[in-house]
Amino acid sequence: MMGTDEHYPRNGTLKSHCDQKQQENNSLKNGYHKNEKVQKNGMGNGFHQPRVRGEDSFEEAPMYVAVLTYMGYGIVILFGYFRDLLRAIGLEKCHQAQEREEQKDFVPLYQDFENFYTRNLYMRVRDNWNRPICSLPGPVFDLMERVSDDNNWTFRLTGRTIENVINMGSYNYLGFAENNVDFLKTVAEVTRQYGVGVCSTRQELGNFSIHEKLERHVAEFLGMESAMAFGMGFATNSMNIPALVGKGCLILSDELNHTSLILGARLSGATIRVFKHNNMQSLEKLLKEAICSGQPRTHRSWKKILIMVEGIYSMEGSLVRLPEIIALKKKYKAYLYLDEAHSIGAVGPTGRGVTEHFGVDPNEVDVLMGTFTKSFGAAGGYIAGKKELVDYLRAHSHSAMYATAMSPPVVEQIIRAIKCIMGVDGTTEGQRRVRQLAENTRYLRSRLKDMGFIVYGNQDSPVVPLLLYLPGKVGAFSRAMLKRKIGVVVVGFPATPITEARARFCVSAAHTKEMLDKVLQSLDELGDYIRVKFSRHRLSHRPELDGETDFELDS
Amino acid sequence: MEMKKMRENLGWLYYQYLLITGIYVLEPWEQSVFNTVLFTTVAMVIYTSYVFVPVHVRLALEFFSELVREQPESTVALMN
């Protein structure tokens, strides 16, 4: 049961609440929203460690790695120009789209760097992305084998499947992407009752009772007054920010924010200023400047200042500095928009997200946004906040007015996932998964660090980017891991800075220790074979800690 | 057995070369083109250094040793 895990560091107020009431009832009431208790961040009841955030690590690689990366890109770009020349002369057939003869005198369509990059760099290693999956994306999955005869321009499926590939790329943090019949009984029930299609928008005839039920559950889960759910996570950001801010407002957004936030900010028409990633001095400087100078020409004060940050940044794995941002927000009277797409369900002792992780009252965040795609195994997003805010969004959001409401089976999946995590369904399965995820994260990150890889991000974040840097190694890494039956996601240039290509692992609660050990062993061998262990902080080689006990004296 | 290990080692070194220069992503004929060009350039560099470096080094040494030797006799050289 939840109360018996003394050693698990949690926010002190939760524990004291457990002492008073039954453990099962704890989830029905959110004990840590008594305002006076929550501010005692870190001053636990004496037997809990203070909630130390842990530093994000962004270790830099040695200089020769940057030099070799640029050299590698330079050589491949040279060959790109060479091949373009061959295609222009006509010695080689152009497989990609080309302009027709009549269009050749007009402005060229395919000459910009993006098309050049796609033709000459991306196509060569394209077989590492868009691999067709033919099972559910659980901890292991099946891939369809495909080969290419003409160097990745076209693929054909051989008909064989690669089975039981360990899945290190799906956003399946709590393992809710499952097809266990017992767990999905309620989902089947709801499908029988409501059907699958909604056939209307929320404002017209699409407001089902199950939607209202979902929103009540989400609000209770987060500890906020009210919440509203939307059908698509990306659309939640891009369609609701324009409803909240407009011209004459200022948006201060982090450097590494997701495209949906940037799109929403641009659509709104507000002025956007960017501060350096997780850098509180940069943010404070911008805030001071905004308040002192006001709007650009008229120097009137800004109507609203909105700080947009994410809970966990998906490419870096770093956590937001929430307590500092809340202090700044209060000092300068700004509003905070927190996008918990990756962190809801994945951090925090009971899976409530970064607000719980830092021991901060969620009501201090003005707009709490999140998605159901990652930890809940469904689709869609939500916005939670004060009742007035959410009621305003219900009437004025583009997504509510024009987008179809969520499909009932998906809604039921989210409801059952929330009930599972809160423990309302009578089992401890949810809490077990949250704890398992934290344990898996800690284990994987510490072992990767010990092996000597450069891993970015905070030690508590389940998103683990492993840096590869060189363009040649990116393709080689992904293919070699597939040969060893492990599926990874590698990310290269447009999504990351050009020198920092990486492989991104997403730890899941459904991964067992054996799977993680297999992955770690493969990474160890592959890291030595390909030479991607760039870290200079590597500890000396130690014997296997969890595994066979070799009492050999040479280690 | 040692031949096999050596060949494996060489294979691994070639693989590293492919990865580091980024040639790994190119098609085989492009790899051959690059290897040919690189090999030719390196061969020319080696040949040039073989032919010219001893001569240059000898001349440089002579120049510097003359400087050192000439110091006490510099007044003599001027008057000549």
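The values are calculated or read from the model by the stated rules, or taken from the named source; none is laboratory data. Nothing here was measured: the structure is a model prediction, and the numbers come from that model. Glycine gets a Cβ as well: all are built from the backbone with ideal geometry, and neighbour counts include every protein chain shown. Side chains included, ligands, DNA and RNA excluded: accessible areas come from the protein's heavy atoms. Shrake-Rupley method; radii C 1.70, N 1.55, O 1.52, S 1.80 Å.
Brief remarks on what is shown
- Chain A - mean residue ellipticity at 222 nm from DSSP helices (-39,500 (n - 2.57) per run, n ≥ 4, rounded to 500): -11500 deg cm²/dmol
- Solvent-accessible area of the protein assembly as shown (1.4 angstrom probe, protein heavy atoms only): carbon and sulfur portion equals 58 percent.
- Listed by chain and number, the aspartates and glutamates placed with their C-alpha closer than 20 angstrom to that of residue A:533 are A:56, A:59, A:60, A:316, A:450, A:500, A:517, A:524, A:525, A:544; residues fewer than eight positions away on the same chain are left out.
- When DSSP beta bridges are restricted to pairs lying wholly in the protein assembly as shown, around 60% turn out antiparallel.
- For the stretch A:120-141, the residues whose amide N sits under 12 Å from a probe point set 7 Å from the Cα of residue A:485 along the beta carbon direction are A:140-141.
- Extreme residue, positive dipole direction of the protein assembly as shown, given options A:151, A:133, A:174 (C-beta unit charges): A:174
- FRET efficiency for the residue A:513 to residue A:178 pair, using the beta carbon distance and R₀ = 25 Å, is estimated at 0.85.
- The three principal axes of the C-alpha atoms in the stretch A:124-218 carry coordinate ranges of 53, 31, 23 Å, sorted with the longest axis first.
- Euclidean distance between Cα centres, the stretch A:233-294 to the stretch A:384-435, Å: 25
- Loop-resident sites, the stretch A:165-264, for trypsin sites (Lys or Arg not before Pro), counting at most 12 other Cβ within 10 Å (DSSP): A:247
- Normalised by 2.2 N^0.38 Å, where N is the number of residues, the alpha-carbon radius of gyration of the stretch A:459-533 equals 1.09.
- Lys pairs under 23 Å by Cα in the stretch A:392-485, provided they are eight or more residues apart or on distinct chains: 4
- Shielding score for A:468-477, defined as the mean number of other chain Cβ atoms within 10 Å: 4
- Take each residue of peptide B:11-22, count the partner chain Cβ atoms within 10 Å of its Cβ, and average: the result is 5.
- Using a 1.4 angstrom probe on protein heavy atoms only, the contact between A and B buries about 1800 square angstrom of accessible area, both sides summed.
- The calculated P(r) of chain A, using every Cα pair and 20 Å bins from 0, goes 19, 51, 28, 2, 0 in percent.
- Along chain A, the exposed loop sites are chymotrypsin sites (Phe, Trp or Tyr not before Pro) outside DSSP states H, G, I, E and B with at most 10 other Cβ atoms within 10 Å, and the longest stretch free of them is A:107-550.
- Estimated FRET transfer efficiency when R0 is 25 angstrom, pair residue B:45-residue B:17 (beta carbons, to 0.05): 0.90
- Look at where the Cα atoms of the stretch A:476-536 and of the stretch A:121-150 average out, and the two centres are 16 Å apart.
- Cross-link reach is defined here as a Cα-Cα straight distance under 23 Å, omitting same-chain residues fewer than 8 places apart; for residue A:104 the lysines meeting it are A:93.
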